[in-house]
Structure formats: structure tokens, C-alpha cells
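This report concerns only the one structure given below.
The values are calculated or read from the model by the stated rules, or taken from the named source; none is laboratory data. From a predicted model like this one, the values you see are computed outputs, not experimental measurements. When we count neighbours, we look across all protein chains shown, and the Cβ atoms used for this are built from the backbone with ideal geometry, even at glycine.
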Amino acid sequence: MFSLSGVTPNVIDSTAQIIEVSRIDRWRICYRLQELMIPCWCLQDGTLRVEIQSSISAVLLRSVVQQFVASRQELVNWLERCLDAD
């Protein structure tokens, strides 16, 4: 299970999670995931369904969602931590 700053997933079962994001961000996230060839759908009820088939897909999903929900400072801090890890 992963957690995004200010966003806590609700676990449905061992393979599914619900993360609340704004409706417009859902469409942008869906479009980006489709560009990355990760199967996803925006449903009529406003939810975004994403099919995660590998650990790489899970990491990409986290990264894409983080781009839309994290503040600029959180993204800068994350990048600095990545650079410090080298």
C-alpha cells in the first residue's frame, strides 16, 4: 500500500485501492497512464480504474498521481532525496 501526501488510499481488497483526486485530475492522470500503456478507464461515476499488472506499473502510477496531488515543494524535496541517494 502506498500513501501520497494528503491522500490516503482506502483498501478494497488486496489488489485494489481507492484514492480521491479531483475529477479534472482524474482525466489528466488517465490520459498520462494511457500514454505509458497502463490500462485505465474513467468511469461514468467519476472514478478512475487502473489495472496494475507489474511492480513497474505500480511505481509509474504512484509517480503520475504524485505529479498531480503533491505540492511543488513536496516534489522538490522528493527530487532532492533522489539526488542525495546517489
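Quick notes on this structure:
- Residue check, Arg49 modelled with pLDDT under 95, basic (Lys, Arg) and part of a helix (DSSP H, G or I): no
- Residue pairs meeting the criteria (Cβ under 9 Å; at least 6 apart or on separate chains; first surrounded by 13 or more Cβ atoms within 10 Å (Cβ to Cβ), in the stretch 56-76; second acidic (Asp, Glu) and in a helix (DSSP H, G or I)): Val65/Asp25; Gln66/Glu74; Phe68/Asp25; Val69/Asp25
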